[in-house]
1. Under the rule of at least 5 residues apart or a separate chain, name every residue whose amide H is placed under 5 Å from the amide H of Gly239.
2. Do any trypsin sites (Lys or Arg not before Pro) in the range 237-296 lie in a DSSP loop with no more than 14 other beta carbon atoms within 10 Å, and if so, which?
3. What number, rounded to the nearest 500 deg cm²/dmol, is the helix-based mean residue ellipticity at 222 nm of the chain, given -39500 (n - 2.57) per DSSP H run of at least four residues and division by all its residues?
4. What residues have an amide H closer than 5 Å to that of Asp85, excluding those fewer than 5 places away on the same chain, when H is modeled at 1.01 Å from N in the peptide plane?
5. Using a ≥ b ≥ c from the Cα gyration tensor of the range 14-148 (square roots of the eigenvalues), is it rounded, prolate or oblate, where a/c under 1.5 gives rounded and otherwise the larger of a/b and b/c decides, a/b for prolate?
6. Take the Cα pairs of the range 109-181, get the Kirkwood Rh, then feed it into Stokes-Einstein at 20 °C and 1.002 mPa s and tell me D in µm²/s.
7. Sort the range 199-296 into rounded, prolate or oblate with this rule: let a ≥ b ≥ c be the square roots of the eigenvalues of the Cα gyration tensor; rounded if a/c is under 1.5, and if a/c is not under 1.5, prolate when a/b is larger than b/c, oblate otherwise.
8. Cut-off 10 angstrom, C-alpha nodes, Gaussian network model of the chain. Which of Thr266, Thr79, Thr275 fluctuates the most?
Amino acid sequence: MTQPVATLSNTSIAAAKVKDFGQFLKRLLKSPSAKMGGSICLVLVVTAIFAPVIAPHDPTELGVGAALTPPNSEFWFGTDEFGRDLFSRMVYGSRLTLYVGLIAVGISMTVGVLTGLVAGYVGGWVETALMRAVDVLFSFTETLIALAAVAVLGPSLTNAMIAVGISSIPFYARITYGAVLVEKNKEYFKAAQAVGAQHVRLLFRHILPNILSPIIVVATVGVSVAVLSASALSFLGLGAQPPSPEWGAMLAAGRDYFKRAPWITTFPGLAIAITVLGFNLLGDALREALDPQQRT
């Protein structure tokens with residue numbers, strides 16, 4: 001008799017989780033911000049995946065057209081100073097943009113969340129040491145930390161991603177740390193401790209799932225911050241290096257031709273702005289859908 005009861009209990013829990021997820025999706029899809037932001041992000045993902053199919057030319061091929069050709073029926077976004085198809089470079093640049101955003105956020109979220117979890121759960125001198133280190137990082141701006149990291153590691157797109165990831169660690173650490181302190185005082189956590197749950201189970205089975213909501217929201221918005229920071233580093237020559245079709249590097253290359261060929265900087269700039277807007281709108285929609293106080 002015990003096994004059927006346990007199976008029924010597990011089935012009920014699974015059904016409840018599916019129902020909660022369905023209600024979450026319903027709330028999310030009602031939001032205009034989710035529709036607009038999700039559409040922008042979806043277009044970016046599809047463009048990145050199918051870049052070889054969408055782009056008519058190799059993004060690094062020289063002389064596919066005359067240099068500085070204005071947008072026309074053959075070259076939709078015109079050509080740059082080397083006769084490269086700007087539309088093809090923009091399409092392939094979406095891959096680098098998505099890659100930079102996801103990797104940078106992955107680095108900062110992994111390190112920051114683990115730091116906050118350990119500091120909030122263990123307490124004592126471990127908490128003091130970890131959070132004081134986070135405070136030191138907080139005393140510098142993200143741009144300054146990223147510049148210092150790139151200066152040490154060297155200019156490249158990979159190092160730019162690492163630098164941007166390092167600069168955002170304090171935000172995830174602080175959010176996680178505060179959430180852990182709240183969850184530790186709740187009854188379910190004390191009950192789990194009372195029945196002898198192991199530390200790893202307490203952290204990753206009980207605490208982490210209950211603090212994921214704010215982390216997901218911050219991570220979504222963090223992608224836009226990472227895209228901006230990486231583009232800024234590439235613009236300064238510290239990120240992606242030529243002939244990489246990265247939008248920030250394309251902006252830097254086109255500034256000398258702004259009066260003669262404004263399309264070289266216009267399209268990458270618009271792409272960066274729209275991408276940042278999309279992830280910010282999606283982050284706002286997720287916050288409203290996940291926060292009980294925002295539900296109507």
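1. HN-HN under 5 Å from Gly239: Ser234.
2. Working: sites: Arg255, Lys259, Arg260, Arg287, Arg295; in loops: Lys259, Arg260, Arg295.
Sites meeting the loop and neighbour criteria: Lys259, Arg260, Arg295.
3. The per-residue figure over the chain is -24000 deg cm²/dmol.
4. Here the answer is Val64, since their amide H atoms fall under 5 Å of that of Asp85.
5. Oblate shape, in that a/c is at least 1.5 and b/c is the bigger or equal ratio.
6. On the way: Rh = 12.5 Å.
It comes out at roughly 171 µm²/s.
7. oblate
8. Thr266
The values are calculated or read from the model by the stated rules, or taken from the named source; none is laboratory data. All values derive from a computational prediction rather than experimental measurement. For neighbour counting, all protein chains shown are included, and Cβ atoms are generated from backbone atoms with ideal geometry for every residue, glycine included. Areas reflect the complete protein model, heavy atoms only, side chains present, ligands, DNA and RNA absent. Shrake-Rupley method; radii C 1.70, N 1.55, O 1.52, S 1.80 Å.
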